[in-house]
1. Does any residue of the range 168-176 turn out to be surrounded by 20 or more Cβ atoms within 10 Å (Cβ to Cβ), in a loop (DSSP other than H, G, I, E, B) and either outside the structural domain of residue 66 (by TED's automatic domain parsing) or at pLDDT 95 or above (or both)?
2. Mind checking whether some residue in the range 111-132 is of a type in the set (Lys, Arg), within 8 Å of ligand 1 (Cβ to nearest atom) and under 27 Å from residue 354 (Cα atoms)?
3. Of the residues 240, 249, 263, 215, which single one is within 22 Å of residue 357 (Cβ to Cβ) and not polar (S, T, N, Q)?
4. Condition first: closer than 30 Å to residue 66 by Cα and not β-branched (Val, Ile, Thr). Now tell me which residues in the range 279-312 satisfy that.
5. With respect to the numbered conditions (1) in contact (Cβ under 8 Å) with a residue 60 or more places away in the chain; (2) within 14 Å of ligand 1 (Cβ to nearest atom); (3) part of a helix (DSSP H, G or I); (4) not β-branched (Val, Ile, Thr), which one is the sole condition not fulfilled by residue 226?
6. Answer with yes or no whether residue 292 is among the basic types (Lys, Arg) and out of contact with any Lys or Arg (no Cβ under 9 Å at 6 or more places or on another chain).
7. Picking from 5, 52, 66, 61, which residue would you name as being surrounded by fewer than 19 Cβ atoms within 10 Å (Cβ to Cβ), more than 13 Å from residue 134 (Cα to Cα) and either modelled with pLDDT under 95 or not assigned by TED's automatic domain parsing to the domain that holds residue 133 (or both)?
8. Go through (1) touching a Gly at 6+ places or on another chain (Cβ under 6 Å); (2) surrounded by fewer than 19 Cβ atoms within 10 Å (Cβ to Cβ); (3) farther than 23 Å from residue 165 by Cβ for residue 37 and report which single condition fails.
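The values are calculated or read from the model by the stated rules, or taken from the named source; none is laboratory data. Since this is a predicted model, take the numbers as computed values, not measurements. So basically every Cβ, Gly included, is an ideal-geometry build from the backbone, and we count neighbours across all protein chains shown.
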Amino acid sequence: MLNFELYNPVNLVFGRGQIAKLSSLIPKNAKVLLAYGGGSIFNNGVHAQVTEALTGYDITEFGGIEPNPRYETLMKAVDVIREKKLDFILAVGGGSVIDGVKFISAAVKFEGDPIDILQKRIRIENNTMPFGTVLTLPATGSEMNSGSVVTINKTKEKLSFGGPAVFPQFSICDPATVASLPKKQVQNGVVDAFTHVMEQYLTYPHDALLQDRIAEGILQTLIEIGPAVAENPADYKLAANFMWCCTMALNGLIQKGVPTDWATHMIGHELTALYEIDHARTLAIIGPNLYRVLFETKKEKLAQYGRRVWNVMETDTDKAALEAIEKTVQFFHIMGMDTKISNYTADYKNTADFIVKRFEERGWKALGERQNITLDKVKTIVEMSY
Ligand code: NZQ
Ligand code: ZN
């Protein structure tokens with residue numbers, strides 16, 4: 001097992017009715033920016049629950065944070081905070097609102113041009129505005145991690161940043177909020193969380209036995225409940241397990257002491273930046289082709305995954321690994337994913353060259369757990385995904 005440090009200060013408040021606890025989590029004299037997205041929180045009663053729980057607080061609302069949050073929009077929130085001298089941010093929404101608030105929290109106190117946080121990928125160690133979250137869409141794990149992904153409209157770049165100072169102080173996860181999610185978003189959440197586990201699990205055999213078993217447990221649970229929760233998001237048992245799986249998939253726990261990949265995400269982010277394909281759907285497109293191209297590197301772990309997660313009976317490693325990839329694609333299809341770029345845009349012919357050029361400019365010439373995903377492999381993976 002590799003050496004590791006585990007630091008996660010998020011107070012995770014999970015369960016039905018927990019939004020009512022907000023007033024015990026935010027200081028009474030705080031001047032709060034309540035940040036949200038396109039308005040789903042007004043339709044499903046979450047806004048009403050939040051404002052009721054915060055009766056008596058000084059609240060300024062800031063709506064309009066987009067899915068795949070935009071730098072340009074977030075900077076407007078920074079202006080509001082400065083102008084009104086606010087001192088606490090509450091994110092109410094999905095991963096995009098939470099990621100957006102992480103950026104606002106860092107940008108508002110940043111000395112220099114905040115765009116550098118993204119373009120120079122500055123690690124945020126201190127000097128942020130405290131914030132908490134009310135999660136309404138299980139998927140990203142952003143409620144319990146210190147990462148964020150923000151898109152710059154002007155340059156069409158989707159860039160990640162993070163650091164120990166952008167953990168939420170608390171996150172309220174009430175599975176009842178899942179009930180109002182469109183089927184498509186539930187499907188996205190399942191596949192995003194599934195791929196988060198794969199990025200941290202599907203590498204090569206190592207000595208971290210417990211991490212593998214936890215990862216396999218999350219995958220098995222997502223397979224067990226995924227199709228059903230997409231059909232019945234109001235089923236509390238399904239919603240609660242879905243929500244906890246998503247948090248556990250990317251709160252740092254299964255990543256400790258193991259090699260990780262993350263190339264599926266790096267390539268997938270470009271597809272969202274170029275074509276606005278939903279994040280999870282980009283992962284369903286790229287992931288299986290990446291496993292095929294990196295077959296020799298990943299086949300032992302693919303075979304383990306096939307046998308333990310999908311009950312593949314095949315004793316031959318190569319055959320078990322291939323079957324595991326096919327099972328994964330089938331699962332993505334069951335979860336409503338289209339797995340080709342051409343399913344989403346007709347204008348895809350130059351995608352591979354464009355992504356390779358971008359990666360080259362950024363110096364991303366060797367990705368993956370063995371740093372052997374070179375630019376020619378990226379090109380092949382993307383072309384196989386057309
Ligand atoms: O904007 P509103 O009106 O709230 O509607 C949202 C949005 O349209 C809607 N929604 C959210 N909760 C709802 C709801 N509709 C009805 N009922 C509810 N309870 O769902 C839509 C999508 O929301 P969004 O927040 O964009 O989705 P998600 O949570 O999947 O977040 C995706 C973003 O997170 C990033 C992605 O790249 C993408 O930008 N990621 C963040 C990560 C992290 N911070 O660790 C890791 C991930 O790999 C990912 O990259
Ligand atoms: Zn993801």
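1. yes
2. In the first step, residues of the range 111-132 are kept if they are of a type in the set (Lys, Arg); the result is 120-121, 123.
Still in the running and within 8 Å of ligand 1 (Cβ to nearest atom): none.
Looking for residues that are of a type in the set (Lys, Arg), within 8 Å of ligand 1 (Cβ to nearest atom) and under 27 Å from residue 354 (Cα atoms), one finds none in the range 111-132, hence no.
3. Working: 240 fails: within 22 Å of residue 357 (Cβ to Cβ); 249 fails: within 22 Å of residue 357 (Cβ to Cβ); 215 fails: within 22 Å of residue 357 (Cβ to Cβ).
Answer to the check: 263.
4. Within the range 279-312, the first condition is being closer than 30 Å to residue 66 by Cα, and the residues that meet it are 279-290.
Result: 279, 280, 281, 283, 284, 287, 288, 289, 290.
5. (2)
6. Numbers: among the basic types (Lys, Arg): yes; out of contact with any Lys or Arg (no Cβ under 9 Å at 6 or more places or on another chain): yes.
Considered against the rule, which asks whether it is among the basic types (Lys, Arg) and out of contact with any Lys or Arg (no Cβ under 9 Å at 6 or more places or on another chain), residue 292 comes out as yes.
7. Values: 52 fails: either modelled with pLDDT under 95 or not assigned by TED's automatic domain parsing to the domain that holds residue 133 (or both); 66 fails: either modelled with pLDDT under 95 or not assigned by TED's automatic domain parsing to the domain that holds residue 133 (or both); 61 fails: either modelled with pLDDT under 95 or not assigned by TED's automatic domain parsing to the domain that holds residue 133 (or both).
So the residue among 5, 52, 66, 61 that is surrounded by fewer than 19 Cβ atoms within 10 Å (Cβ to Cβ), more than 13 Å from residue 134 (Cα to Cα) and either modelled with pLDDT under 95 or not assigned by TED's automatic domain parsing to the domain that holds residue 133 (or both) is 5.
8. Only one criterion in (1) touching a Gly at 6+ places or on another chain (Cβ under 6 Å); (2) surrounded by fewer than 19 Cβ atoms within 10 Å (Cβ to Cβ); (3) farther than 23 Å from residue 165 by Cβ is unmet by residue 37, namely (2).
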